[in-house]
């Protein structure tokens, strides 16, 4: 069975941010037909080949701070990033495979993706099909980027190229979000019965898994002189996310320290308030038979003695894993 997903509200949200004539916007709306299945979402892969971490950023699955922690762990452990992402329950194996398929298609020569720069330039009326074909012929001779060729040939201005590249980035972000959604859906196929009767015993082992969806995450911590004099700073709603799992036991939240801004932190909004030092820690959450938990966490950071007033990157990352 092929799962399909119709997402015009998301497409409309993207193109509403683009300053283009109505005719061009209507042409962009037709791109929604290319995001109705896992296979079609992979098929729209375009742009230069991106690292796995960059794809996750574009899909809004992780933040820059999260990515840096993951890359540091990869460097220290010398393990593939995909393995770490699965272990940390940031991706399921199916989601990882889908992203790798998207990444592989990005590097394919002669891709016919509707999100390729040339296709978008034609679709939005910035250049003609004839100009695109002429530019592609020049590109094959020079090896330059298509945008450079178009500008040098006088077919487009740099501002036009940059505008459409912005459109491309936004649509790729939507495509990646759809890709991960489809990958999370259960996959099945129809089986044809043979003419000879037979007995078949199927044993299926469903491994426990957990998935964390972040709705809001503070990215900065603004520390004032008053906070320093008091010795702590409160952030009432620093993180909001949901955790989905098939485990009957629950899940574990890991708190990783990203910056030495505090001596200890009290975290509120869990089964009970917990306190961690500068090494971070882990806390078990029970679901009481439910499969999803919605959490909003507040933080009280007890500041390091040498802190100065200023704006600092958010000092904690939270991830989820199976119990």
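The values are calculated or read from the model by the stated rules, or taken from the named source; none is laboratory data. Only a predicted model underlies this, so the values are computations on that prediction, with no experimental measurement involved. Backbone-built Cβ (ideal geometry, glycine too); neighbour counts: all protein chains shown.
So here's what we get for this one:
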item: Residue list for the range 65-90, filter: in contact (Cβ under 8 Å) with a residue 60 or more places away in the chain and in a helix (DSSP H, G or I); result: 65, 66, 68, 69, 87
item: Residue match in the range 91-100 (condition: assigned to a loop (DSSP other than H, G, I, E, B), modelled with pLDDT of 85 or more and touching a strand residue (DSSP E or B) at 6+ places or on another chain (Cβ under 8 Å)); result: yes
item: Residue in the range 294-303 that is over 16 Å from residue 221 (Cα atoms), under 28 Å from the mean Cα position of the chain (by Cα) and assigned to a loop (DSSP other than H, G, I, E, B) present; result: no
item: Test: residue in the range 115-126 that is within 29 Å of residue 145 (Cα to Cα) and surrounded by fewer than 17 Cβ atoms within 10 Å (Cβ to Cβ); result: yes
item: Meets criteria (in the same structural domain as residue 259 (by TED's automatic domain parsing), under 29 Å from residue 246 (Cα atoms) and modelled with pLDDT under 90) for residue 274; result: no
item: Verdict on residue 172 being over 22 Å from residue 43 (Cβ atoms), assigned by TED's automatic domain parsing to the domain that holds residue 98 and buried (at least 18 other Cβ atoms within 10 Å of the Cβ); result: no
item: Test set (1) part of a loop (DSSP other than H, G, I, E, B); (2) in contact with a helix residue (DSSP H, G or I) (Cβ under 9 Å, 6 or more places away or on another chain) - residue 317 fails condition number; result: (1)
item: Some residue of the range 129-144 being at pLDDT below 85 and either assigned to a loop (DSSP other than H, G, I, E, B) or touching a helix residue (DSSP H, G or I) at 6+ places or on another chain (Cβ under 6 Å) (or both); result: yes
